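Below is one structure, written out as structure tokens; comments come after it.
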């Protein structure tokens, strides 16, 4: 079962070689052995006490010839900012929400259950999805502690979907669900050496996900292979009357993304290289060059350079949008919690953190929360102007303009640099010389990362992104690249990248 894909597990169950219950037991045992004992990756914040019962129910359905869908009996982990209506709290990693039981499943969780998935548990994350302190430590939360990179335990798993990506890399589940506002699926996926897809905002309902900013928030699949990501995406994507943005999906609406996976998917594809997003690290650039050679040999037409404009012009406007939307949406979310919840407003959350600073803020503060408090509402001129700037520079004058001018199927960049050392004193120290996530994140457009190489055993990913609703194209390209490159390898749980 080691490093098995969703398809492998499904075939084994169909042939009677494995059952959902036996698979679930093996993952639970591996979590105990690797996540909680052994290397102590600490990717899983809580286990579902009903997981084995759910798996047994899926086995009975299989025996009766009733299969719910492609995830029937498959154990999945969810990031702990995604609500589940069961005995598992949804905390966003925050002590302020410890013990919070949701009134209902998130819409995406309903869809996963409907397609037969076994919700194995919740994954740790950067507290409040890394929107709390400016000098944060990715992968740390006051409820879950610190998640480590399974390739080198002294290195970051990045964030904020740290536990989701680390768990997939460490083979603690078949696949996982993360969320992203800007980089929170792509960075941990590339840092942990797995595949992660941030979809177009609106492909997956946001209802039941603890929010940061509705203009950029989305859930997305994380898997060891592109095919696993495609299966999980199809299960989660769907219209939701409770989230109006899902109504904007174009027709015909895709239900099965695996049908776009083809080994010759790169043949004839026009792929632009955003050289101005690659940074100056020659080791990373060498991996990109090698990847481009692989794609050329597979028949892709490489447009190089195909630089993306306005990279330095969006950060200030993006922060204005994030802080303003966070104040509005987290305020509404907290106000909706049960009466016994510890906090019911952003003001109460800030006060709670101050009152419990030794547990909640031992390493970094809550500057994003306090700055959000100072913002005016969603009708303010400052917010409307910032949102308009973000969308114009990343969409009409950014990704859309570049792709139309060069007739591109996708834009390619390095996903990031090697995972940095965990530093509880100074906080995160990413390679800011290299930009990959913000243009697609701010535009609300899809972005996928696939393993492309290693630097001293630390994974480096290759990113493909494109215009709205182009998930099928990105999956096709990423799958074809994955098949000819075959770069991914399981982690060795080294104590250090230097060992």
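The values are calculated or read from the model by the stated rules, or taken from the named source; none is laboratory data. Small disclaimer: the values here were computed from a predicted structure and weren't measured. Here Cβ is always computed from backbone atoms with ideal geometry, including for glycine, and neighbour counts include all displayed protein chains.
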**Study point:** Failed criterion for residue 124 (all others in (1) out of contact with any helix residue (DSSP H, G or I) (no Cβ under 6 Å at 6 or more places or on another chain); (2) surrounded by 24 or more Cβ atoms within 10 Å (Cβ to Cβ); (3) more than 16 Å from residue 493 (Cβ to Cβ) hold)
**Key:** (1)
Exercise for review: Working carefully through the options 78, 71, find the one that is buried (at least 24 other Cβ atoms within 10 Å of the Cβ), touching a residue at least 40 places away in the same chain (Cβ under 8 Å) and in contact with a strand residue (DSSP E or B) (Cβ under 8 Å, 6 or more places away or on another chain).
Suggested key: 78
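Every residue, every condition in (1) in contact (Cβ under 8 Å) with a residue 60 or more places away in the chain; (2) part of a helix (DSSP H, G or I); (3) surrounded by 15 or more Cβ atoms within 10 Å (Cβ to Cβ), yes or no:
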site	(1), (2), (3)
375	no, no, yes
379	no, no, no
386	yes, yes, yes
400	yes, yes, yes
403	yes, yes, yes
413	yes, no, yes
417	yes, no, yes
433	yes, no, no
Check your understanding: When region 255-269 is examined, which residues are found to be part of a loop (DSSP other than H, G, I, E, B) and touching a helix residue (DSSP H, G or I) at 6+ places or on another chain (Cβ under 7 Å)?
Key -> 255, 256, 261, 262, 263, 264, 265, 266, 269
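Where in region 146-254 are the strands (runs of 3 or more DSSP E), entirely inside, with at least 2 residues that are touching a residue at least 24 places away in the same chain (Cβ under 8 Å), over 19 Å from residue 113 (Cα atoms) and touching a strand residue (DSSP E or B) at 6+ places or on another chain (Cβ under 7 Å)?
Strands (runs of 3 or more DSSP E) meeting the threshold: 152-156, 195-198.
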Study note, to complete from the structure: Across region 96-109, the tally of residues that are surrounded by 18 or more Cβ atoms within 10 Å (Cβ to Cβ) and out of contact with any strand residue (DSSP E or B) (no Cβ under 7 Å at 6 or more places or on another chain) stands at 6
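Determine whether residue 461 is in a strand (DSSP E or B), surrounded by 18 or more Cβ atoms within 10 Å (Cβ to Cβ) and over 18 Å from the mean Cα position of the chain (by Cα).
Taking the combined requirement at face value, the residue does not satisfy it.
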Study note, to complete from the structure: Considering residues that are closer than 25 Å to residue 103 by Cβ and either modelled with pLDDT under 95 or more than 14 Å from the chain's Cα centre (by Cα) (or both), the number found within region 213-229 is 2
